[in-house]
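Some notes on the structure that comes next.
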Amino acid sequence: MVLRLGLPKGSLQQSTFELFARAGYYVSVSSRSYYPKIDDPEIEAVLMRAQEIPRYVTSGALDAGLSGWDWVLETDADVVSVCDLVYSKATNRAAKWVLAVANDSAIKSPQDLQGKRIATEVVNVTRKYLAARGITAEVEFSWGATEIKVPELVDAICDLTETGASLRANNLRILDTVLETNTRLIANRKCWEDEWKRSKIETLSMLLQGALLGEQKVGLKMNVARADLDRVLALLPALRQPTVSPLHNEEWVAVETVLDERAARDLIPELRRAGAEGIVEYPLNKVIP
């Protein structure tokens, strides 16, 4: 048996391949091919636009795939949401679909969009947002370069942003967030009931999530005199508890732990002052809780 897996082509392609590599799957593809090679004979992958993957997973043409939650909602896809995978081409945080207008626009709130024209790639998502607030506006599909359409062609846009930099560069002002989205691993409902395919998808999910968690964590190991051990342990976070191992010199122990990478910079000097020696920080490929 094989698992038919859809992978996003385009802006997310390279970051997806890098995530799979950290998870232990080597994926490669020639420049003109849509069928990547993956070093797992039980997985057959195909590259396609993320917008289309939910539709093909729903129909069963694909068993599973990676796509944005926004495209699942936009296409009304009936799929199993297996796990969140918060990564993108630029950052490791969720992206947002936002309503935006020109900086000097008289439109100050979403309610001011009554009777106005909005351009977006997520027409259904935007219409549902407006309907939930009792706002009637004309929503038209945008094929891209959406930022340049305000204010000459449309009154507002609903556009995807990670940092807001592109909107600011185009003199646009955010009115409201319509939807927060990130990549998700999704599965066909019938395939999810198949024991072998479900197990394969769950394994993939575990390793991909472990790779993302590993990117945020580092390992620390150090030598500590037993006399200083309590002071050092009081400083250390861990997924469970730090590992403490005896050394040849019975008056010393080796201590090892995992922590957020951002915390290591401030913690290491404190550990040194508490008596830790030979402190080593090292990256982690995967962390499986």
* Structure fact -> The FRET efficiency for Gln241 and Arg117, from their Cβ-Cβ distance with R0 = 51 Å and rounded to 0.05, is 0.30
* If each of Ser11 and Arg49 carries a label point 7 Å out from its Cα toward its Cβ, how far apart are those two points in nm? -> 1.4
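Give, rounded to the nearest 20 debye, the magnitude of the charge dipole that the stretch 217-283 has about its Cα centre when Lys and Arg contribute +1 at Cβ and Asp and Glu contribute -1 at Cβ.
It comes to approximately 160 debye.
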* To do: Considering the options Ser67, Asn249, Gln209, tell which one lies farthest towards the positive end of the dipole of the chain, charges being +1 on Lys and Arg and -1 on Asp and Glu at the Cβ, about the Cα centre.
  => Ser67
* Asked: Nearest 20 debye, what's the magnitude of the dipole of the stretch 32-75 about its Cα centre given +1 on Lys and Arg Cβ and -1 on Asp and Glu Cβ?
  -> 240
* To do: Answer with one residue from Ser88, Leu7, Ser166: the one whose Cα lies farthest towards the positive end of the charge dipole of the chain, charges on Cβ with Lys, Arg +1 and Asp, Glu -1.
  => Ser166
* Structure fact -> Sequence order, the stretch 43-58: Karplus ³J(HN,Hα) from phi using 6.51 cos²θ - 1.76 cosθ + 1.60, θ = phi - 60°, Hz rounded, Gly and Pro as x, gives 10, 10, 10, 9, 8, 7, 4, 4, 4, 8, 4, x, 5, 6, 5, 4
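Using the Kirkwood radius built from alpha carbon pairs, what does the Stokes-Einstein equation give as D for the stretch 1-157 at 4 °C and 1.567 mPa s, in µm² per second?
This corresponds to a translational diffusion coefficient of 73 µm²/s.
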* For the chain, the longest stretch holding no trypsin sites (Lys or Arg not before Pro) located in a DSSP loop with at most 15 other Cβ atoms within 10 Å is which? -> 134-239
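Give me the one-decimal Kirkwood hydrodynamic radius in Å for the stretch 93-201, with the sum taken over alpha-carbon pairs.
15.2
Which loop GluC sites (Glu not before Pro) in the stretch 156-243, with loop taken from DSSP, have no more than 15 other Cβ atoms within 10 angstrom of their Cβ?
Answer by residue number: Glu162, Glu193.
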* About its Cα centre, what dipole magnitude does the chain give when the only charges are +1 on Lys and Arg Cβ and -1 on Asp and Glu Cβ, stated in debye to the nearest 20? -> 280
* Structure fact -> the stretch 217-283: spread of alpha-carbon positions along the three principal axes, whole Å, largest first, is 32, 21, 18
* Per DSSP, loop GluC sites (Glu not before Pro) in the stretch 1-77 with at most 16 further Cβ within 10 Å -> Glu42
* Working out 0.36 nm times the residue gap between Ser28 and Ala145, then minus their Cα-Cα distance, what length gain in nm do you get to one decimal? -> 39.1 nm
* Structure fact -> Subtracting the Cα-Cα distance of Ala254 and Thr203 from 0.36 nm times their residue separation yields 15.1 nm
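I'm checking a number: the convex hull volume of the Cα atoms of the chain, normalised per residue, in Å³. What is it?
Working: hull volume 53.5 nm³, N = 289.
Measuring per residue, one finds 185 Å³ for the Cα hull of the chain.
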* For the chain, what does -39500 (n - 2.57) per DSSP helix run (n ≥ 4), summed and divided by total residues, give at 222 nm, in deg cm²/dmol to the nearest 500? -> -8000 deg cm²/dmol
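All of the numbers you see were taken from the coordinates with simple rules; none came from a lab. This structure is a prediction, so every number in the text was calculated from the model and none was measured. Every residue, glycine as well, gets a Cβ built from its backbone with ideal geometry; the counts of neighbours run over all protein chains shown.
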